[in-house]
Every structure is written in structure tokens, then in C-alpha cells.
Amino acid sequence: MNNVQVLQNVEENFQTFRILDEKGEVVNQDAMPDLTDEQLQELMRRMVYTRIWDQRAISLNRQGRLGFYAPVAGQEATMIGTQYALDKEDWILPGYRDIPQLVFHGLPLYQAFLFSRGHVAGNRIPEGVNVLMPQIIIGAQIIQTAGVAMGLKRNGNKNVAITYTGDGGSSQGDFYEGLNFAGAFKSPAIFVVQNNRFAISTPVEKQTAAKTIAQKAVAAGINGIQVDGMDVLAVLAATQQARVDALEGTPTLIESLTYRYGPHTLAGDDPTRYRTKELDTEYQEKDPLVRFRLFLENKKLWNEDMENEVIEQAKADVKEAISQADKEPKQKVSDFINNMFEELPSNLKEQLEEYTAKESK
């Protein structure tokens, strides 16, 4: 068997795992996660809540009331499905788009807004909330997750560390190093690549010659799976299994095929310059909320009144959270200096005196 045949055999092992089709019909009954009706409804509530929160956050950004923001519409099934499969004591190491996972893991919404503003108070994680704040350096969280997972193992904790990056993050050197470290030390780690097809503006086909990102797990000796990332049940089931495997000593790389409907961030990106209307339409027809809504409606578990209730709750929560964030004292230059070091070097002591004097006027 030549190398081309070996590669083809590897790639054939990574077929897309799914449970629901675009019409909300079950196509893989054997893989259905064991969920109560209430849990199914909760998944929908969280996705609707996130979609509305995202819309309000975009509006707040345009009003100048939020700073950096990366839209999430289209990726809710991956974000909600993975987090819902976790234990509260598991650790989340997010990228900068992964704010919903943090909030549903316990981070107060107003602190997520403060993070967006670059306020230090947004990074003061409450006791008992096992998250790190979003990583801005692409791929750095992969390395950190391997380390956190190693620490959990050495301390005897029966918990996992999970991290997220985009398809662009899988092209970073840190990505391979983190997977390899976790595989070598059998650390309880889960690596989620949200493949939304574009690393800012670069299509995934130009980032790698591999047919799937999931197959990159092979070189690290860990599990790899490609999942329909717009099918919340498939994402949940895949993450549940990945968590079991991680605790037994085998990390997992999950490639979640998804799509972001908006720009990469609100910092000037224009997706119409690199995406076609036809591609947008194709993925809007796979919308995770539409798909799951059809599934629940067929089971008589969801209706318009329930959805409207969630929408109004999300709007109210966002209004309250931004109001609370507004009450946080404005940051001063002296605050930045004081937060930098426990013991200031002489040059910063001089600057601190200068700015403290200015601020007191």
C-alpha cells in the first residue's frame, strides 16, 4: 500500500457524525443522547438566548457601549452543546468568541461585557467558576489546556479541561504541540475546533491539504471526530463521549463543522468580500436553531410562546448586565500601573506618582 492509499484510508475514517438533518428529523437514532424533555428544552432555551444576546451585543457595540466583540450567530449548537456536556468542575479555556460557554458555566454576563470593554474587572473570575478568560493569542489556549489537564490528572481530579479555537487556530504551531503533549501524557483534555470555514478571510481549503481537521488527531495518538456543528444533539453526544474517553486517558480532538453568519469580529471585517451569497444561503438553511426547533415542535416540546418568553428574558438580562457594567468605576492609568506588578520598579513608581497627581485634580 503506497502513501496515497494510506492517507485515503485515514481520511475515510472521518465521516461527519450527525443525529439531526436540516429538517429536524432524526437520522441516527442509536446515537441519540439520553436527555429528558426538560433537558431538550433547556438546550433550545440556551441557543435562543444566545442568538438574542448576540444581536443585542452587536447593537451595543455599534452604539459604542461595548468594545471588542466576535459575533457567534450560527455557532450556537457547538458552543451550547459542548458546554452542556460538561461537569461544573470541568475547566473551560476559551478563545475570544467563546463567551457563551463561559456565561453558561457560571461567569456573570456583566463581567463578559466588561471583558469586551477591556476592563480589569471583567477578568476577576468568581470563586468556583472554573474558567480562564478568553485567549486573544490564536492557539495559545491549546497549550494551556494541555497543561491544565495535566494538572487535573496529577491532582487526582476526575474532571477534564476543554478548549476552543477556530479552523485558523489549527494552523498554529501551538495546536500540534498541545495535542501531542496531551496525547503523550494521557491528559484529560478535549480540543474543539469550530470550523466555520474561514480564518477571518482565509478559506479552510487554503489553510491545509488535509480533507478534515479531525484527522490531525492521528499524528498525536488521540481520538478525532468530525461532527455536524450545527446539530446540537450530535455535538452534545460527541462531547459526552469525549469526556468519558478523556477521563480514561485518551484526549479527543473534535472538529465541529459550523458557520458564522456575521463578520469575524466587529473591528472592521467585511465578510461579503470573501464569502458568496450562495454559501451564506447554504448554511442559513442548516441553521442550528431552525433545525432543533423543528425537532422539538414535532415532539410537542416547543412553541412560539416559549420562544418569545426566552427572547424577552434575554433582552432583559442584557439590559441589566450592561447597566451593571456601566456602574463599574472607569479605569485610570494609575490602575494599569498598579495592576502590572506586585512591587513596582523605580521607573513605574515615577510614572505612578505623575499620573496619580494628574488624576487627583
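Report yes if Leu109 is more than 30 Å from Asp270 (Cα to Cα) and at pLDDT 95 or above, otherwise no.
no
In segment 60-74 there is at least one residue that is outside any loop (DSSP other than H, G, I, E, B) and either closer than 15 Å to Arg260 by Cα or hydrophobic (A, V, I, L, M, F, W, C) (or both). Residue count for segment 8-21, restricted to those that are in contact with a helix residue (DSSP H, G or I) (Cβ under 9 Å, 6 or more places away or on another chain) and either surrounded by 15 or more Cβ atoms within 10 Å (Cβ to Cβ) or not in a loop (DSSP other than H, G, I, E, B) (or both): 9.
Residues in segment 251-273 that are of a type outside the set (D, E, K, R), farther than 21 Å from Thr212 by Cα and under 23 Å from the mean Cα position of the chain (by Cα): Tyr261, Gly262, Pro263, His264, Thr265, Leu266, Ala267, Gly268, Pro271. Residue pairs whose Cβ atoms lie under 6 Å apart, separated by 6 or more positions or on different chains, with the first residue in segment 337-349 and more than 17 Å from Asn123 (Cα to Cα) and the second β-branched (Val, Ile, Thr) and assigned to a helix (DSSP H, G or I), are Leu348/Ile337. Among the criteria (1) surrounded by fewer than 17 Cβ atoms within 10 Å (Cβ to Cβ); (2) basic (Lys, Arg); (3) at pLDDT 95 or above, the one Lys361 does not fulfil is (3). Take the residues in segment 291-313 that are open to solvent by 60 Å² or more (accessible area, probe 1.4 Å) and either assigned to a loop (DSSP other than H, G, I, E, B) or touching a residue at least 12 places away in the same chain (Cβ under 8 Å) (or both); name whichever of them is farthest from Leu233 (Cα to Cα). Once the filter is applied, the top-ranked residue is Gln313.
Highlighted here are the helices (runs of 4 or more DSSP H) found entirely within segment 138-254 that include at least 1 residues which are out of contact with any Pro (no Cβ under 9 Å at 6 or more places or on another chain), in contact (Cβ under 8 Å) with a residue 60 or more places away in the chain and crowded, with 17+ Cβ neighbours inside 10 Å: 232-247.
In segment 270-286, how many residues are charged (D, E, K, R) and crowded, with 16+ Cβ neighbours inside 10 Å? Walk me through it before giving the result.
Taking segment 270-286 and keeping what is charged (D, E, K, R), we get 270, 273, 275, 277-278, 280, 282, 285-286.
Then keep just the ones that are crowded, with 16+ Cβ neighbours inside 10 Å; that gives 275, 286.
Residues that pass the stated criteria total 2.
Annotation note: of Ala267, Ala316, Ala325, the sole residue that is over 30 Å from Gly183 (Cα atoms), at pLDDT 95 or above, hydrophobic (A, V, I, L, M, F, W, C) and surrounded by fewer than 16 Cβ atoms within 10 Å (Cβ to Cβ) is Ala316.
The values are calculated or read from the model by the stated rules, or taken from the named source; none is laboratory data. Fair warning: this is a prediction, and the values are worked out from it, not measured in the lab. Neighbour counts are summed over all protein chains in view; Cβ atoms, including those assigned to glycine, are modelled from backbone coordinates with ideal geometry. All accessible areas refer to the heavy atoms of the entire protein, side chains included, with ligands and DNA or RNA removed. Shrake-Rupley method; radii C 1.70, N 1.55, O 1.52, S 1.80 Å.
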